[in-house]
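Reading through the structure tokens given below for one structure.
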Amino acid sequence: MATKILVTGGTGYIGSHTTVELQNAGYEVVIIDNLSNSNIEVLDGIEAITGKRPEFMEGDITDMNTVRELFTRFPGIKGIINFAASKAVGESVQKPLLYYRNNLVGLLNLLEAMPEFGVEGIVFSSSCTVYGEPDVNPIDETAPIKPATSPYGNTKQISEEIITDFIHSGAPIKSILLRYFNPVGAHPSSLIGELPNGVPNNLIPYLTQAAAGIRKELTVFGDDYNTPDGSCIRDFIDVVDLAKAHVTAMRRMLDKKDTDPVEIFNLGTGRGLSVLELIESFERSTGVKVPYKIGARREGDIEKIWAEPTKANTVLGWKAEVPIDDTMRNAWAWQCRLGKK
Ligand code: NAD
Ligand code: WQD
């Protein structure tokens, strides 16, 4: 019988791509999502790609009654991937309590329910934001955690601590904490992708909207950083590569008996690319010009950060594979599907 996995936030950007990869790998997926940052049509995309519609319950994981109802309605769930969270850094500064409540109470409810319903493990969506501005690059998992610069970032640090403390207390569960670098791109089928809400804050949705004529131009936030071309450097990881890492992590967590109960992996490519290099890759791979100007630095931005992914490569047995030009082509194809001006 197929192993049943709960994907919270499964109609969201990373959750939908991960559901596809889980189903392709033979897992049975149950999604819970309150549709606060996604829509129900995403299920059609998942079904069109995989030939299978995941089970879906509309609901909010910050409500314990809903969580109990979910596990009762779908018995036998063995593992959870917890994507459900609010993720806009700027908004978290304006509405800290919303972020602390949504990101932490949801996690607490899941953890509390796990032993009760016999769920063995939880994969958690963390972020490279926990490293702050690194002292050295590439950065590995042993690097110090820096004080968070936003309530959003703080929820990721606290979540990692909550999970670790719970397991150290003897809770009968395992966990893998995945620290994502910068997820970008879309499924090559263009049937699922990122659905930005309003004016995008992140680079790629803004860039593709500018290329599509929806925004006048992209502003590159600063060209006077201490980097070769002066723009910031990030580790852009293809969302399908990222999704596949969750399948590998789930398999390791549930099937290997001798692993540590809490493990941490960086999910990145190991390649730092500047904002200007990313624009070049987009233009080269799509033949479409990006209207852009150089603007002031964005407050709070990290100058440069990219992953040392060796632990994920060797211990987890996962490696990012999609070339950046393919990722840019997929991002553009998805934007074309969403629409141009
Ligand atoms: P997303 O907003 O596309 O997906 C999150 C999904 O969770 C949405 O569908 C939303 O409706 C749902 N959701 C939110 N709160 C919920 C709740 N209380 N109950 C039920 N559903 C709820 O975001 P994403 O980019 O797919 O990110 C997924 C996870 O990865 C988040 O935890 C995010 O913090 C983390 N992460 C994202 C990035 C990134 O750049 N996208 C980087 C690092 C970490
Ligand atoms: C990337 C680069 C910008 C927009 C954020 C969160 C982080 C993580 C990933 C969840 C930066 C530049 C951007 C634009 C630009 N999320 N940029 N013009 O800031 O690396 O990380 O998302 O955990 O926690 O902080 O991502 O896509 O916003 O920016 O020049 O219009 O693109 O300055 O250098 P960031 P981003």
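The values are calculated or read from the model by the stated rules, or taken from the named source; none is laboratory data. On a predicted model such as this, the values are computed, not experimentally measured, just so you know. Counting neighbours? That spans all protein chains shown, and the Cβs are built from the backbone with ideal geometry, glycine included. We work out accessible area using only protein heavy atoms, side chains counted, and drop any ligands, DNA or RNA first. Shrake-Rupley method; radii C 1.70, N 1.55, O 1.52, S 1.80 Å.
For segment 219-238, does any single residue satisfy the condition of being more than 23 Å from VAL123 (Cα to Cα) and within 19 Å of the chain's Cα centre (by Cα)?
yes
Tell me, which residue of segment 78-91 that is over 20 Å from GLU194 (Cα atoms) and crowded, with 23+ Cβ neighbours inside 10 Å is farthest from the chain's Cα centre (by Cα)? If you could, list the steps in order and put the result at the bottom.
Residues of segment 78-91 over 20 Å from GLU194 (Cα atoms): 78-80.
After this cut, where a residue has to be crowded, with 23+ Cβ neighbours inside 10 Å as well, the list is 79-80.
On the way: GLY79: 18, ILE80: 15 Å.
Across segment 78-91, the extreme among qualifying residues is GLY79.
Evaluate the following for PRO75: is it open to solvent by 40 Å² or more (accessible area, probe 1.4 Å), out of contact with any helix residue (DSSP H, G or I) (no Cβ under 7 Å at 6 or more places or on another chain) and in a helix (DSSP H, G or I)?
Numbers: open to solvent by 40 Å² or more (accessible area, probe 1.4 Å): yes; out of contact with any helix residue (DSSP H, G or I) (no Cβ under 7 Å at 6 or more places or on another chain): yes; in a helix (DSSP H, G or I): no.
Against the criterion (open to solvent by 40 Å² or more (accessible area, probe 1.4 Å), out of contact with any helix residue (DSSP H, G or I) (no Cβ under 7 Å at 6 or more places or on another chain) and in a helix (DSSP H, G or I)), PRO75 does not qualify.
Quick check, is VAL105 in contact with a Pro (Cβ under 6 Å, 6 or more places away or on another chain), in the same structural domain as ASN154 (by TED's automatic domain parsing) and more than 16 Å from ligand 2 (Cβ to nearest atom)? Break it down stepwise before answering.
Details: in contact with a Pro (Cβ under 6 Å, 6 or more places away or on another chain): no; in the same structural domain as ASN154 (by TED's automatic domain parsing): yes; more than 16 Å from ligand 2 (Cβ to nearest atom): yes.
Criteria not met by VAL105.
Report yes if some residue within segment 21-35 is more than 10 Å from ligand 1 (Cβ to nearest atom), out of contact with any strand residue (DSSP E or B) (no Cβ under 9 Å at 6 or more places or on another chain) and open to solvent by 60 Å² or more (accessible area, probe 1.4 Å); otherwise report no. Step through it out loud before you land on a result.
Going residue by residue through segment 21-35, those that are more than 10 Å from ligand 1 (Cβ to nearest atom) are 21-30.
Now narrow it down to the ones that are out of contact with any strand residue (DSSP E or B) (no Cβ under 9 Å at 6 or more places or on another chain): 21, 24-26.
Now restrict to residues that are open to solvent by 60 Å² or more (accessible area, probe 1.4 Å): 24.
Yes, there is a match, as at least one residue in segment 21-35 is more than 10 Å from ligand 1 (Cβ to nearest atom), out of contact with any strand residue (DSSP E or B) (no Cβ under 9 Å at 6 or more places or on another chain) and open to solvent by 60 Å² or more (accessible area, probe 1.4 Å).
Can you find a residue in segment 157-177 that is within 12 Å of ligand 2 (Cβ to nearest atom) and in a helix (DSSP H, G or I)?
Yes, segment 157-177 contains a residue that is within 12 Å of ligand 2 (Cβ to nearest atom) and in a helix (DSSP H, G or I).
Checking GLU120 against (1) over 22 Å from THR18 (Cβ atoms); (2) among the acidic types (Asp, Glu); (3) touching a residue at least 40 places away in the same chain (Cβ under 8 Å), which single condition isn't satisfied?
Of (1) over 22 Å from THR18 (Cβ atoms); (2) among the acidic types (Asp, Glu); (3) touching a residue at least 40 places away in the same chain (Cβ under 8 Å), only one is false for GLU120: (1).
Pairs please, first residue from segment 55-75 and under 21 Å from LEU43 (Cβ atoms), second anywhere and assigned to a loop (DSSP other than H, G, I, E, B) and β-branched (Val, Ile, Thr), Cβ atoms under 7 Å, 6+ apart in sequence or on different chains.
Pairs found: VAL67/ILE61.
Open to solvent by 10 Å² or more (accessible area, probe 1.4 Å), within 30 Å of GLN23 (Cβ to Cβ) and within 11 Å of ligand 2 (Cβ to nearest atom), is that true of PRO196? First the steps, then the outcome.
Numbers: open to solvent by 10 Å² or more (accessible area, probe 1.4 Å): yes; within 30 Å of GLN23 (Cβ to Cβ): yes; within 11 Å of ligand 2 (Cβ to nearest atom): yes.
Yes: the conditions hold for PRO196.
Residue check: is GLY213 open to solvent by less than 10 Å² (accessible area, probe 1.4 Å), assigned to a loop (DSSP other than H, G, I, E, B) and modelled with pLDDT of 95 or more? Reasoning before the result, please.
Values: open to solvent by less than 10 Å² (accessible area, probe 1.4 Å): no; assigned to a loop (DSSP other than H, G, I, E, B): yes; modelled with pLDDT of 95 or more: yes.
For GLY213, the condition - open to solvent by less than 10 Å² (accessible area, probe 1.4 Å), assigned to a loop (DSSP other than H, G, I, E, B) and modelled with pLDDT of 95 or more - is not met.
Would you pick out the residues in segment 216-227 that are in a loop (DSSP other than H, G, I, E, B) and near ligand 2 (Cβ under 9 Å from one of its atoms)? Walk me through how you get there before you give the answer.
First pass over segment 216-227, keeping only residues in a loop (DSSP other than H, G, I, E, B): 216-217, 222-227.
Result: GLY222, TYR225.
Consider segment 169-192. How many of its residues are more than 9 Å from ligand 1 (Cβ to nearest atom), touching a residue at least 12 places away in the same chain (Cβ under 8 Å) and open to solvent by 10 Å² or more (accessible area, probe 1.4 Å)?
First, the residues of segment 169-192 that are more than 9 Å from ligand 1 (Cβ to nearest atom): 169-177, 185-192.
Cutting the leftovers down to touching a residue at least 12 places away in the same chain (Cβ under 8 Å) gives us 171-177, 185-192.
Applying the additional criterion that residues be open to solvent by 10 Å² or more (accessible area, probe 1.4 Å) yields 171-172, 174, 187-191.
Residues meeting the conditions: 8.
Would you check if THR227 is surrounded by fewer than 19 Cβ atoms within 10 Å (Cβ to Cβ) and in the same structural domain as VAL322 (by TED's automatic domain parsing)?
Values: surrounded by fewer than 19 Cβ atoms within 10 Å (Cβ to Cβ): yes; in the same structural domain as VAL322 (by TED's automatic domain parsing): yes.
Yes.
Mind checking whether some residue in segment 131-154 is in a strand (DSSP E or B) and either at pLDDT below 95 or in contact with a helix residue (DSSP H, G or I) (Cβ under 8 Å, 6 or more places away or on another chain) (or both)?
Going residue by residue through segment 131-154, those that are in a strand (DSSP E or B) are 139.
Next, only the ones that are either at pLDDT below 95 or in contact with a helix residue (DSSP H, G or I) (Cβ under 8 Å, 6 or more places away or on another chain) (or both) stay: 139.
So far as segment 131-154 goes, yes, one or more of its residues are in a strand (DSSP E or B) and either at pLDDT below 95 or in contact with a helix residue (DSSP H, G or I) (Cβ under 8 Å, 6 or more places away or on another chain) (or both).
State which residue is farthest from ligand 1 (Cβ to nearest atom) when the search covers only segment 109-126 and only residues that are part of a helix (DSSP H, G or I) and surrounded by fewer than 17 Cβ atoms within 10 Å (Cβ to Cβ). Can you show your working first?
As a first pass, look at segment 109-126 and keep what is part of a helix (DSSP H, G or I): 109-116.
Narrowing the set further to residues that are surrounded by fewer than 17 Cβ atoms within 10 Å (Cβ to Cβ) leaves 112, 115-116.
On the way: GLU112: 15, PRO115: 21, GLU116: 19 Å.
Checked segment 109-126; the qualifying residue farthest from ligand 1 (Cβ to nearest atom) is PRO115.
Strands (runs of 3 or more DSSP E) wholly in segment 3-64 with at least 2 residues that are acidic (Asp, Glu) - which ones? Outline the logic, then answer.
Working: elements: 4-8, 28-33, 55-58.
Filter on segment 3-64 gives 28-33, 55-58.
Which of the residues belonging to segment 127-168 are open to solvent by less than 20 Å² (accessible area, probe 1.4 Å) and of a type in the set (Phe, Trp, Tyr)? I'd like the intermediate steps shown before the answer.
Our first condition is that a residue be open to solvent by less than 20 Å² (accessible area, probe 1.4 Å); within segment 127-168, this holds for 127-128, 130-132, 134, 139, 150, 153, 155-156, 159-160, 163, 167.
Matches in segment 127-168: TYR131 only.
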